[in-house]
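Comments concern the structure below.
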Amino acid sequence: MRKKNFKGRYEKRVIDKCEGVCKTYGAIQSICAELLQADEGIAKIQCNVLLDGLEMGEYTSDAKK
C-alpha cells in the first residue's frame, strides 16, 4: 500500500496482463509483477488501484483477477 501521490523512484514496465504501463516502486514489487505475469491462473493485473473505504482514496494497492 502506498500514498496516492508518492514521490519516490519507480520503474515503468510493459506487462502483457496489465493495461497500459505498470509502475513498480521497488525490487519486491517488480519481482511480484514478474511472478504474476508467469502465473497461468491469473488473467489480469491492475497496478496502483485506489483503495475503497479510506478517506478521500488516498492510498493505492495492486490487484489481480
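The values are calculated or read from the model by the stated rules, or taken from the named source; none is laboratory data. Keep in mind that what you see is a predicted model, and the values were worked out from it rather than measured. Cβ: placed from backbone, ideal geometry, glycine included. Neighbour counts: every protein chain shown.
Annotations for the structure displayed:
- Just one of (1) among the acidic types (Asp, Glu); (2) modelled with pLDDT of 85 or more; (3) surrounded by 13 or more Cβ atoms within 10 Å (Cβ to Cβ) fails for Asp16. It is (3).
- Qualifying residue in the stretch 11-24 (condition: on the phi < 0 side of the Ramachandran plot, aliphatic (A, V, I, L, M), in contact with a Cys (Cβ under 8 Å, 6 or more places away or on another chain) and in a loop (DSSP other than H, G, I, E, B)): yes
- Consider the stretch 22-65 and keep the residues that are within 16 Å of Asn5 (Cβ to Cβ) and of a type in the set (Val, Ile, Thr). The one that is modelled with the highest pLDDT is Val49.
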